[in-house]
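Below is one structure, written out as structure tokens; the observations come after it.
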Amino acid sequence: MSNFGPIGVETLPQPATGFAGVAATCTLRIRERSRMEWRSTEGGDPAQHLEDFLTADGLNVRSFSSPRLSRSVAKSEAISVCGAAILISAAGAAAMLKRGPVAKPTPAPAVPDLAVVVYEHADAPETRHWPISDWRLGEWEPSWTPLEHGFAVAAAREAIGRGDVYQVNVVGHASAPYVGDPLPALARLGGLPGAHYGGVLTGAGWAVGCASPETLIQVIDGRVITKPIKGTRPATAAGRRELLASSKERAEHIMIVDLARNDLGRVARTGSVRVDELFAIRTWSNLWQAESVVSAELADGVGLAELLRATCPGGSVTGAPKLAALQQIAALEPVGRGPSMGALGWIDANGNLDLGLTIRTAAADADRLHLWAGGGITWGSEPEAEVAEAAAKAAPIRRLLASS
């Protein structure tokens, strides 16, 4: 039986680590001001819904090149706004693309496809304590077997061989029953090494915990940055050498960097897109991962909705070309991706945005925890190796979720 309710990022014991971009002076002195939740069954454009909602609450996100605080809100009210937490599911991100195919239903329908929670400054810190809970996590039940996962990888390779697509990100899902309060378990994910986007966001009957190292989009003073990650090996000396020497991993990575450059080019000043770093080796938990940094100056008048339509869903969790990859994903994966492979992060009152890609992400509904993991498939992929890579990505999260 679950024991959590409609509470947000301020429930974290150390909210300073909850969301990238939240000022340390604010984290213990904020309270929820307003929220919006949207599901794809409701229709409409989630990117526009998000922009309209934030604007109405004093965050001027209609243009990243204009003054940050909305003139439509009284100055004293606007200053009280600290910022907003944003969650976008994989289906929500695909809806922003508009032309994307409809994926299979999410196994966690309690979690919205878009959630935004606006926070305001409080006069004094709010004292919160975790409820006493007898936490028990049951056995994980996958939505497909390792053999079925391998068949999906082989099918993706066949699609690549036909020329239908260059790369496809194939993701699997597992869920486990639980007893007790899932929030402490989800909050532990933020302590994983390299979890830059380690946070928890909750609502009535749902919670999402993230340990993502990957930046989907970051906007600071009119400059947009994305940091795609592709390429994984065990965090050993041999693993590092193998990753650096792998032509397959480098080719897969370059495809996604090119896709990121193209995405940013849709909203950038002409000639401003650049690759600041290429195939740099980073660590996440016990894994090496290859990361690049792509940035651009935003064109005049670009707002949040236009930026999200250009960059969602993230190329490193779809493949290339993006629409063709989404068609393969919809056909191959056993269930929808829920809040994984979407975005989670923070926008502050000055309009600085920091959204992480929701890889390494778990979700709770009333009685089950849900977890997704996968990887990019190219012509050089081997089914057994891809199945093992997905398991390696999920293993640290499973261990933390199971601990009491």
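The values are calculated or read from the model by the stated rules, or taken from the named source; none is laboratory data. These figures come from a predicted structure and were not determined experimentally. Neighbour counts are summed over all protein chains in view; Cβ atoms, including those assigned to glycine, are modelled from backbone coordinates with ideal geometry. Calculation scope for accessible area: heavy atoms of the full protein, side chains included, ligands and nucleic acids excluded. Shrake-Rupley method; radii C 1.70, N 1.55, O 1.52, S 1.80 Å.
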Which value in deg cm²/dmol, rounded to the nearest 500, describes the helix-derived mean residue ellipticity at 222 nm for the chain, given -39,500 (n - 2.57) per DSSP H run of n ≥ 4 and division by the residue count?
-8500 deg cm²/dmol
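Just to verify a number: FRET efficiency for ARG282 and LYS248, C-beta to C-beta distance, R0 = 25 Å, to 0.05? Display every interim value, and only then the final one.
Numbers: r = 19 Å, r/R0 = 0.76.
About 0.85, to the nearest 0.05.
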Which distance in nm do the two modelled labels at GLN48 and HIS121 give, with both placed 7 Å along the Cα-to-Cβ direction?
3.5 nm
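Under the classification rounded if a/c is under 1.5, otherwise prolate if a/b is larger than b/c and oblate if not, where does the range 284-339 fall, given a ≥ b ≥ c as square roots of the Cα gyration tensor eigenvalues?
Details: a/c = 2.23, a/b = 1.28, b/c = 1.75.
Cα axes put the range 284-339 in the oblate bin.
Rounded to a whole number of µm²/s, how large is the Stokes-Einstein D of the range 266-311 at 37 °C and 0.692 mPa s, given Rh as the Kirkwood radius over C-alpha pairs?
Numbers: Rh = 12.5 Å.
Stokes-Einstein gives a translational diffusion coefficient of 263 µm²/s.
Packing-wise, with mean Cβ within 10 Å as the measure, how do 83-90, 105-112 rank, highest first? It would help to have the intermediate numbers written out before the result.
Numbers: 83-90: 28.2, 105-112: 20.2.
Per-residue Cβ counts within 10 Å, averaged per peptide and sorted highest first, yield 83-90, 105-112.
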May I ask for log10 I(q)/I(0) of the range 120-273 at q = 0.18 Å⁻¹, from a Debye sum over the Cα atoms as equal point scatterers with solvent left out?
-1.36
Going Cα to Cα from LYS227, which lysines come in below 27 Å? Please leave out same-chain ones fewer than 8 positions away.
LYS98, LYS248, LYS322, LYS393
Accessible area (Å², 1.4 Å probe, nearest 10) - LYS98
130 Å²
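How much accessible area per residue does the chain have, in Å², with a 1.4 Å probe? Could the numbers behind the result be given before it?
Details: 15760 Å² over 404 residues.
Per residue, the chain has 39 Å² of solvent-accessible surface.
Once fully extended, how much extra length lies between ALA331 and THR236, figured as 0.36 nm per residue of separation less the alpha-carbon to alpha-carbon distance?
Details: separation 95, 0.36 × 95 = 34.20 nm, distance 3.57 nm.
Gain on extension, ALA331 to THR236, equals 30.6 nm.
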Can you tell me which aspartates and glutamates have their Cα less than 16 Å from the Cα of LYS104? Leave out same-chain residues fewer than eight positions away.
ASP113, GLU333
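Calculate the FRET efficiency for LYS98 and ASP300 from the Cβ-Cβ distance with a Förster distance of 30 Å, rounded to the nearest 0.05. Working shown, then result.
Working: r = 24 Å, r/R0 = 0.78.
The pair LYS98/ASP300 has a calculated efficiency of 0.80.
By average Cβ neighbour count within 10 Å, what is the ranking of 250-259, 38-47 from highest down?
Numbers: 250-259: 20.7, 38-47: 16.8.
Ranked by mean Cβ neighbours within 10 Å, highest first: 250-259, 38-47.
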Using only the Cα atoms of the range 347-404, build the gyration tensor, take square roots of its eigenvalues as a ≥ b ≥ c, and label the shape rounded, prolate or oblate: rounded if a/c is under 1.5, else prolate if a/b is larger than b/c, else oblate.
oblate
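Quantify, in whole percent, the carbon and sulfur part of the accessible surface of the range 245-327 (1.4 Å probe; protein heavy atoms only).
Numbers: 1440 of 3040 Å².
After summing per-atom areas, the C and S share lands at 47 percent.
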Spin-label point model (7 Å from Cα, Cβ direction): what's the ALA154 to ARG269 distance in nm?
5.3 nm
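When a/c is below 1.5 the answer is rounded, else prolate if a/b is larger than b/c, else oblate, so apply that to the range 185-290 with a ≥ b ≥ c taken from the square roots of the Cα gyration tensor eigenvalues. Working shown, then result.
On the way: a/c = 2.47, a/b = 1.10, b/c = 2.26.
Oblate shape, in that a/c is at least 1.5 and b/c is the bigger or equal ratio.
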How many angstrom lie between the Cα centre of the range 151-194 and the Cα centre of the range 345-404?
6 Å
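If packing is taken as the average number of other Cβ atoms within 10 Å across a peptide's residues, how do 232-238, 187-193 rank, most packed first?
Ranked from most to least packed, the peptides come out as 187-193, 232-238.
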Expressed in nm to one decimal, what extension gain is obtained for the pair ALA204 and ALA388 from 0.36 nm per residue of sequence separation less their Cα-Cα distance?
62.7 nm
Enter the accessible area of SER175 (Å², nearest 10), with the probe set to 1.4 Å and all protein chains included.
10 Å²
Over the chain, one equal point on each Cα, no solvent: what is log10 I(q)/I(0) by the Debye formula at q = 0.06 Å⁻¹?
-0.21
Please give the residues of the range 367-397, grouped as numeric ranges, whose backbone N is less than 12 Å from a label point set 7 Å along the Cα-to-Cβ vector of SER403.
396-397
